[in-house]
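One structure is given here, and the rest of the page talks about it.
The values are calculated or read from the model by the stated rules, or taken from the named source; none is laboratory data. These figures come from a predicted structure and were not determined experimentally. Quick reminder, even Gly has a Cβ in these numbers, built from the backbone with ideal geometry, and neighbours come from all protein chains shown. Quick note on the areas: whole protein, heavy atoms, side chains included, nothing else; ligands and nucleic acids left out. Shrake-Rupley method; radii C 1.70, N 1.55, O 1.52, S 1.80 Å.
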Amino acid sequence: MKSLVFYGPGNVKIEDKEIPKIDENEVLVKVKAAGICGTDRHIYRGEAPARTQVILGHENAGEIIETGRQVRSLKKGDKVCIDPNIFCGQCYYCHRGEVHLCKELQAIGVTRNGGFAEYLVAPATNVYKVKENVSYKEMALVEPLACCLHGIDLAGIRPGDFVVILGAGAIGLILLQLALHSGASEVIVSEPNSKKRKLALKLGASKVFDPFNDNLEKEIKIIKREGADVVIEAVGNIHTFKQSIQLARKGGSVLLFGVPPKDKVIEINPFEIYKRELKLKGAYINPFVTDRAVRILESGMVNLKKLVTSQYTLEELPNVLDGNLDESNVKSLVIY
Ligand SMILES: [Zn+2]
Ligand SMILES: [Zn+2]
């Protein structure tokens, strides 16, 4: 089978590999669509860790070809998507039900072989069956959707809340739709790219702003003098992290969702956090939310189709990872 193998920063190769064997608790999946994620680019550039000689690709959808002897819930021919994160079940965090913080966390497409290949092996516990009416393209977005769902759960949006989202990439645009479904009466999106701003409006944003040309703080104050009930940072940029704290109202929540650079710091005035009683929250991956993400996908309540702006073959992937991203690109997939 054709696979994209990671040999270290800047070094990936398309190779022909044996179709992997499964053990009794695993399934073999023929990959139909796989999302190309910011994390894959970070790995390629050496900014995020991955095992060498691993097949990358952690946002996977496909069809079951074979099931292990002990697998009861899945069968050959099932349409499935895969939660890439595998926890140990034995450490302090797993025992506390915080499996995403597991000390021995493994991930398909990062520490074990992923979906940038024609076939992949996954533990049956990580595989979710999806109804026939959903396309593989949309199914490849279940993993980012699940991460966003975890973030929204933590953000604590209440019906009637005024929400500001910084960034309208795939993540920002999913968070926008989930915020509306959580009851936000108004969601404002800040995004420098005009195509993405237009898409945000189509997907339900009540207003959009360009952070480079509009004075966002002033504009937010015009809409609501007190500031936003909930601010979600979905860029991963230190300037937007700083800004997200400024935009929240007294007693408001700030969800830091974007992945910031590892070595950058921002200045925070602790007195502000105290006096304004701000709640700053991080959100990391997707514990126990994939099933709900699948239900959301099946119901059609979140539009994922509109987010897919480019599709590639596996052979094109080394160039895609090496090239610069088009600013108006929202989500790229590998289609098999
Ligand atoms: Zn991802
Ligand atoms: Zn653990």
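Measuring gaps between exposed loop sites in the chain (trypsin sites (Lys or Arg not before Pro); DSSP loop; at most 10 other Cβ atoms within 10 Å), the longest gap, sites not included, is 97-224.
Taken over the Cα atoms of region 1-50, the convex hull encloses 107 Å³ per residue. Among the GluC sites (Glu not before Pro) in region 250-336, those placed in a DSSP loop whose Cβ has at most 15 other Cβ atoms within 10 Å are Glu267, Glu277, Glu327. Using all pairs of distinct alpha-carbon atoms, the Kirkwood hydrodynamic radius of region 248-336 works out to 17.4 angstrom. Assuming charge only on the beta carbon of Lys and Arg (+1) and of Asp and Glu (-1), the dipole of the chain about its Cα centre is about 700 debye to the nearest 20.
Computed as a quarter of the hull surface, the mean projected area of the alpha carbon convex hull for the chain stands at 16.9 nm².
To the nearest Å, what is the center-to-center distance of region 16-81 and region 251-311, using C-alpha atoms only? Cα centroid to Cα centroid, the span is 25 Å. Qualifying GluC sites (Glu not before Pro) in region 66-171, where qualification requires a DSSP coil assignment and no more than 12 other C-beta atoms within 10 Å, comprise Glu132. Setting aside same-chain residues fewer than 8 positions from Lys13, which lysines have a Cα under 17 Å from its Cα? In chain and number order, the partners are Lys2.
Legend: helices of the chain (whole DSSP H runs) are marked when their alpha-carbon atoms reach 18 angstrom or more along the helix axis and their mean Kyte-Doolittle hydropathy is at least 1.0; marked are 142-155. Average accessible surface for the chain: 48 Å² per residue, computed with a 1.4 Å probe over protein heavy atoms with every protein chain in place.
The share of accessible area on region 146-282 that comes from carbon and sulfur is 53 percent, using a 1.4 angstrom probe. Using the Cα gyration tensor of region 131-231, with a ≥ b ≥ c the square roots of its eigenvalues, what is the shape: rounded (a/c below 1.5), prolate (a/b larger than b/c) or oblate (neither)? Oblate, because a/c is 1.5 or more while a/b does not exceed b/c.
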